[in-house]
Amino acid sequence: MKIIPIYTTEKQLIEGVLAEHRTAQKVLYDRFSPKMYAVCLRYFRDQSLAEDMLMEGFLKVFSKLHSFAFQGSFEGWLRKIFVRICLDELRKSKDFNFSEPTAAENIAISESPLECAVNDQIPSIEDLLLEVNSLPLNYRLVFSLYVLDEYSHQEISSELGISVAASKVQLSRARKMLQQRLEYLKITHHGKN
């Protein structure tokens with residue numbers, strides 16, 4: 001009879017993967033692939049590209065797992081790897097282009113979050129994610145990095161090779177576009193004016 005190890009903690013799971021136990025590798029993949037696939041889908045609208053990034057990400061995770069120091073969140077460590085892999089792939093694209101903000105845009109930057117009035121219908125998470133995924137690439141990247149992956153504007157500037165001001169302008173534009181789209185959704189789906 002073959003004994004199959006059970007990994008009840010992340011540390012046991014990681015140690016099992018480092019010991020090259022196939023069961024641990026499968027458990028790690030099964031446990032984290034849905035969340036990491038969602039990360040990849042935020043950066044790539046094409047599901048096959050997102051799946052390619054998921055596979056590439058896990059190959060990188062398995063090869064770099066020895067560098068995880070058990071400080072901080074393992075899921076956060078994974079997410080950083082997947083975000084970087086997606087950004088590296090996007091950098092190869094001709095569509096990866098950011099314009100620098102004008103002086104007027106710098107002054108007009110709004111840091112206010114998306115807001116819904118008290119009596120308004122709050123959009124579902126699915127509606128929000130669909131709208132984020134429909135944003136132009138530069139808006140989607142900055143919005144995802146800042147809001148969903150919790151990068152600072154300085155980190156976004158470094159990752160994307162743009163100025164901090166450009167990061168703030170792209171975020172502002174993304175928020176404005178999302179607000180307009182969500183207002184339109186509210187009107188079309190709920191019949192409100």
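Restricting attention to segment 1-95, which chymotrypsin sites (Phe, Trp or Tyr not before Pro) occupy a DSSP loop and are surrounded by at most 11 other Cβ atoms within 10 Å?
Phe70
In segment 29-60, what trypsin sites (Lys or Arg not before Pro) fall in a loop by DSSP, with at most 14 other Cβ atoms inside 10 Å?
Passing sites in segment 29-60 are Arg45.
Report the calculated FRET efficiency for Leu49 and Lys176 (r = Cβ-Cβ distance, R0 = 30 Å), to the nearest 0.05.
Plugging the Cβ-Cβ distance into 1/(1 + (r/R0)^6) gives 0.65.
If I model a spin label at Val164 and Arg22 as a point 7 Å from the Cα along the Cα→Cβ vector, what separation in nanometres do I get?
Placing both labels 7 Å beyond Cα along the Cβ direction yields 5.2 nm.
Loop only per DSSP, at most 10 neighbouring Cβ atoms within 10 Å: give me the GluC sites (Glu not before Pro) in segment 2-67, ordered by residue number.
Of the GluC sites (Glu not before Pro), the ones in loops of segment 2-67 whose Cβ has at most 10 other Cβ atoms within 10 Å are Glu20.
No value in this document is a laboratory result; all are computed from the given coordinates. Just so it is clear, the model here is predicted, and its values are computed rather than measured. Note that each Cβ is placed from the backbone with ideal geometry, even for glycine, and that neighbours are counted across all protein chains shown.
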